[in-house]
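J.: Right, I'll just put the structure down here and ask away after.
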């Protein structure tokens, strides 16, 4: 059974709302045959990354960059996972108060270095999440899970 690993740093109520929507989409009962595992960025490790078939990442945009917690995650898994996880799909959601571009670029640069394949456009949310933002996160979770379900 394919496994989707959701790695997140959920440091605010807005991020929690987006995270819940991503998980709800990924665990949609209409998508069968995918195990969804969620881990905070400060807890997730290389073994979980190696055991997963795809990744969904969530982070705030802090001072124009991804959260330090997500950077720590990447620092811990980069070399142990470098060769073994190439071409695996990943997607990203980011919340910021004024800008998310730097965080998106930083995550994409590291994911490119890992050889991961972006399978969906990042969901970038500014300020209080709207209904459309929440739906976009739900769709993101569902899309990544469906890709893993139908690829197996």
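Readers should treat all values here as calculations from the given coordinates under stated rules, not as data from a laboratory. As the structure is a prediction and not an experimental result, all values here were calculated from the model. Cβ: placed from backbone, ideal geometry, glycine included. Neighbour counts: every protein chain shown.
J.: With the requirement that a residue be touching a strand residue (DSSP E or B) at 6+ places or on another chain (Cβ under 9 Å) and farther than 15 Å from residue 55 by Cβ, what does region 122-133 give you?
T.: Within region 122-133, 124, 125, 126, 127, 129, 133 qualify.
J.: Can you list the helices (runs of 4 or more DSSP H) lying wholly within region 1-110 that have 2 or more residues being touching a residue at least 40 places away in the same chain (Cβ under 8 Å), surrounded by fewer than 23 Cβ atoms within 10 Å (Cβ to Cβ) and touching a strand residue (DSSP E or B) at 6+ places or on another chain (Cβ under 7 Å)?
T.: 13-26, 46-51
J.: Tell me which of these residue 131 doesn't satisfy, since it passes every other one: (1) surrounded by fewer than 16 Cβ atoms within 10 Å (Cβ to Cβ); (2) farther than 18 Å from residue 25 by Cβ.
T.: That leaves (2) as the condition not met.
J.: Farther than 23 Å from residue 42 by Cβ and touching a residue at least 12 places away in the same chain (Cβ under 8 Å): is that true of residue 142 in this structure?
T.: yes
J.: Given the structure, is residue 148 within 18 Å of residue 7 (Cα to Cα) and touching a strand residue (DSSP E or B) at 6+ places or on another chain (Cβ under 9 Å)?
T.: Considered against the rule, which asks whether it is within 18 Å of residue 7 (Cα to Cα) and touching a strand residue (DSSP E or B) at 6+ places or on another chain (Cβ under 9 Å), residue 148 comes out as yes.
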